[in-house]
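A quick write-up on the structure given underneath.
What follows is calculated from the coordinates using simple rules that are stated; it is not laboratory data. Since this is a predicted model, take the numbers as computed values, not measurements. Reconstructed Cβ throughout: ideal geometry from the backbone, glycine too, with neighbour counts over all protein chains shown.
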Amino acid sequence: MKNFPKIKEINITPIAIVDPPLLNAAGLHAPYALRIIVELITDDNITGISEIPGTTDIEIALHECKNLIIGQDPFQTNKISDILIAHFGIDKMAERGLFPWDSRKLVHIFSAIEVACLDIVGKVINKPVVDLLGGKRRESVPFAAYLFYKYEGAGGKLAFETDPNAVGWAAARQKSALNPAEIVAQAQAMCKEFGFKSIKLKGGVFEPRQEVDAIFALREAFGENVPLRIDPNALWTVETSIKYGLEMEGIIEYLEDPCRGQDNMAAVRKALKTPLATNMCTTSFEDIPRSIQVGSEDIILSDHHFWGGLRASMTLTGVCQTFGRHLSMHSNSHLGISLAAMVHLGAAIPNFHYALDTHYPWQSDEVIKQGRFKFEDGAVAVPEGPGLGVELDKNALAKLHQNYLDCGITKRDDLIEIRKVIPDWEFKQTRW
Ligand code: GKR
Ligand code: MG
C-alpha cells in the first residue's frame, strides 16, 4: 500500500503589504496590511501554502500548532480539525469583535492549515483544489469593483503621497475619493482596468446622505445594468437603514450590513424589498439558528478565512440552500494565495448570483511566482495546475517579511491610523 505523506515542517511568515489610505467605519487603513503566509512541507517534500490575515496573536497561535500538526497526514483534515479544537477550544461568538473584520483565532488557524493541506492533497493526486470541493461549476469567477472613500496616497512608504510616474489604474488608485464625483471617477478607472460588472461602495464613512448620493451618482454614470451595493458596516440605525433603504429601492442589488445585529437587520429586512447581505451579523455556524428564527439577511457573505476553511464554506452553501439564503463572498486586503483559494471556492459554490468581493485591485504587491492575477471582464479564471495552482515566490516573501519587520505594525488597528489625521476621531458602534 502507498505511504501517504506526513507533514514534517511548517513555515509561518508574517508579511506586510502596501495598502492605500482607505476609509471605513472603523477608521483608516494603515500604510501596510498584515498577512501571514503558511507553508506546510511533507516528508516527501511537497509544499502546500495558504494566506490569512495577520496579527501577532494569530502568528503566536500558529507557532503553538506546530507540534500538534507535525507528523499528521494532510489528507486527514477532520482529524487535524479535532486536534486544533481540542487544543484551542471553539471560538466564542463575542471574540469576533465589533469591527467589520473578524478577530476569532481558531477559524483563522484552521483555514490556514486546511487550505495548505488541500494544496498538498491536490498536488499529490494531481487535481486542482476545486475538485476537492466537488468540482467546477464555472470556469471563471466574477468579482465586483470594491470602491472606497480614501485620502490621496498609495500607502506603504508613499503613505499619503503619490508616485508621479504611476500610470493607468496604479495612478488612479492613488487619487483621493471624498465625494460622489471622485467615487464615480474611481469606479470608472477600476472598471476600465479590471472589467468589473458590478460595484460595491464601502460606506459608514460619511453621513448617509453623502454616501447615498454617491450611489445615485454611480447609477447615473453606469446605468441600470451595473448592479450596485453599499456597505455601511452596521453604522446606521434601523430608522436610517429603512429611510435610505427605501430611497435606494430598485437602485441597489443588495444592502450590506446597514445596521448592527440580527434583530435590527431583521427589522430592516421586513421594511424593504431590497435583499440584505451580511458579513457582520451572521458570521458563524452558531449564528445560523437565530438568523433563521428572526430572518436577518438574504445573503451571507462567507469568507473562508473566517468560516474555518474551504470545506466549511461548502457546508455553509448547503445551509444557505436549505434555508433560502444566497451565498456570496466577503474580503479584506489580500494577495494572490487568498485570491486563488477564493476562486477555487467561488468556482464550486452552487447558485452563484452575486459577484464576489475582493480588495485585490487595491494591492500592488504579490507573493506568488506567477505575479499579479489577471481579471478578464471582471472575472478570474480558475488557476490551472494541481492544488491551488499558485507557487510561492521566496524572494517576494523575504521582501514582504522585511516590510513587516520594518513597519512595526503588529495588528490591524484602523483607529490608530485615523487619529493621525483626525486626532479626536472616535469609533461608534452606531453612528447615524
Ligand atoms: O477593508 O476597510 C475594509 C473593509 O471595511 C473590511 O475590513 C470589511 O471587513 O470588506 C469588509 C466588509 O465587507 O465589511
Ligand atoms: Mg461588509
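Sticking to Cα atoms, compute the Rg of the stretch 83-203 to one decimal and its Dmax as the biggest Cα-Cα distance, whole number, in Å.
For the stretch 83-203, the Cα radius of gyration and maximum Cα-Cα distance read 20.1, 53 Å.
Tell me, what does the Kirkwood hydrodynamic radius of the chain come to in angstroms if you use every pair of distinct C-alpha atoms?
Values: mean 1/r = 0.0459 Å⁻¹.
Across the chain, the inverse of the average 1/r is 21.8 Å.
Can you list, largest first and rounded to whole Å, the semi-axes you get for the stretch 132-381 by taking the square root of 5 times each eigenvalue of its Cα gyration tensor? Don't jump to the answer; show the numbers that get you there.
On the way: eigenvalues 154, 116, 46 Å².
So the equivalent ellipsoid measures 28, 24, 15 Å along its semi-axes.
Rounded to whole Å and sorted largest first, list the principal axis extents of the Cα atoms in the stretch 166-312.
So the three principal-axis extents are 49, 37, 26 Å.
Could you run the Karplus curve 6.51 cos²θ - 1.76 cosθ + 1.60 with θ = phi - 60° over the stretch 380-395 and give me ³J(HN,Hα) per residue in whole Hz, x for Gly and Pro?
Working through the residues one at a time gives 10, 5, 4, x, 8, x, x, x, 5, x, 10, 10, 6, 9, 5, 5 Hz.
Among DSSP bridges having both ends in the stretch 87-229, what percentage is antiparallel? Round to the nearest 5.
Percentage antiparallel, nearest 5: 25.
What is the dipole size for the stretch 132-381, taken about its Cα centre, with +1 at each Lys and Arg Cβ and -1 at each Asp and Glu Cβ, in debye to the nearest 20? Display every interim value, and only then the final one.
Values: 25 positive and 29 negative charges, 117 e Å.
Computed charge dipole of the stretch 132-381: roughly 560 debye.
Within the chain, what percent of beta bridges assigned by DSSP are antiparallel, to the nearest 5? It would help to have the intermediate numbers written out before the result.
Working: 28 of 48 bridges.
Counting only bridges with both partners in the chain, antiparallel ones make up about 60 percent.
Please compute the contact order of the stretch 1-106 in relative form: average sequence separation of alpha-carbon pairs under 8 Å and at least six residues apart, divided by the residue count, as a percent.
On the way: 146 pairs, mean separation 27.3, N = 106.
Dividing the mean separation by the residue count of the stretch 1-106 yields 26 percent.
Among residues other than Gln262 whose Cβ falls under 14 Å from its Cβ, what is the net charge (Lys/Arg +1, Asp/Glu -1)? It would help to have the intermediate numbers written out before the result.
Numbers: positive: Arg96, Arg260, Arg269, Lys270, Arg290, Arg325; negative: Asp257, Asp263, Glu286, Asp287, Glu297, Asp298.
Here the charged neighbours net out to 0.
Let's see if you can work this out: charge +1 on each Lys and Arg Cβ, -1 on each Asp and Glu Cβ, no other charges. What is the dipole magnitude of the stretch 246-405 about its Cα centre, in debye to the nearest 20? Before the final figure, lay out the partial values.
Details: 12 positive and 19 negative charges, 60 e Å.
Roughly 280 debye, rounded to the nearest 20.
Find the relative contact order for the stretch 132-381 and round it to a whole percent, using C-alpha pairs within less than 8 Å whose residues are 6+ positions apart.
Values: 472 pairs, mean separation 53.9, N = 250.
With pairs under 8 Å counted, the relative contact order is 22 percent.
Say the dipole of the stretch 1-75 comes from +1 at the beta carbon of Lys and Arg and -1 at that of Asp and Glu; which of Thr13, Ile60, Ile70 then lies farthest toward its positive end?
My answer, from the dipole projection, is Ile70.
Determine the sum of side-chain charges near Thr47: Lys and Arg each +1, Asp and Glu each -1, restricted to other residues whose C-beta is under 15 angstrom from that of Thr47. Walk me through the intermediate numbers first.
Values: positive: Lys6, Lys8, Lys123, Lys369, Lys394; negative: Glu9, Glu39, Asp43, Asp44, Glu51, Asp119, Glu391, Asp393.
Result for the local shell: -3.
Just to be sure I understand: if I project the alpha-carbon convex hull of the stretch 269-389 onto a plane and average over all orientations, what area do I get in nm²? Walk me through the intermediate numbers first.
Numbers: hull surface 33.0 nm².
With every direction weighted equally, the projected area is 8.2 nm².
Of all DSSP beta bridges in the stretch 132-381, what percent run antiparallel (nearest 5)?
On the way: 6 of 25 bridges.
In the stretch 132-381, approximately 25 percent of DSSP beta bridges are antiparallel ones.
Out of residues 5 or more away from Ala159 or on other chains, whose amide H comes under 5 Å of its own, with H placed 1.01 Å from N in the peptide plane?
Result for Ala159 returns Ala154.
If you filter the stretch 332-432 for GluC sites (Glu not before Pro), then keep DSSP loop positions with at most 16 other Cβ within 10 Å, what is left? Before the final figure, lay out the partial values.
Numbers: sites: Glu366, Glu376, Glu384, Glu391, Glu417, Glu426; in loops: Glu366, Glu384, Glu391, Glu426.
The qualifying sites are Glu384, Glu391, Glu426.
Based on DSSP H runs of at least 4 residues, each adding -39500 (n - 2.57), what is the mean residue ellipticity at 222 nm of the chain after dividing by all its residues, to the nearest 500 deg cm²/dmol?
On the way: 14 runs with 160 residues, N = 432.
After summing the helix terms and dividing by the residues of the chain, the value is -11500 deg cm²/dmol.
Where in the stretch 32-103 are there trypsin sites (Lys or Arg not before Pro) that are in a DSSP coil and have at most 14 other Cβ atoms within 10 angstrom of their Cβ?
Values: sites: Arg35, Lys66, Lys79, Lys92, Arg96; in loops: Lys92.
Those that pass, being in a loop and sparsely packed, are Lys92.
Using a 10 angstrom cutoff on alpha carbons, build the Gaussian network for the chain and name the most mobile of Pro164, Pro386, Pro180.
Looking only at Pro164, Pro386, Pro180, the largest GNM fluctuation is found for Pro164.
Once you've got the GNM for the chain with C-alpha springs shorter than 10 Å, pick whichever of His63, His305, His108 has the biggest mean-square fluctuation.
His63
Exactly which trypsin sites (Lys or Arg not before Pro) in the stretch 303-405 are in a DSSP loop and have at most 11 other Cβ atoms within 10 Å?
On the way: sites: Arg311, Arg325, Lys369, Arg372, Lys374, Lys394, Lys399; in loops: Arg325, Lys369, Arg372, Lys374.
Answer by residue number: Lys374.
Using Cα-Cα distances under 8 Å and only pairs 6 or more residues apart, what relative contact order does the chain have, in percent?
Numbers: 936 pairs, mean separation 96.0, N = 432.
With pairs under 8 Å counted, the relative contact order is 22 percent.
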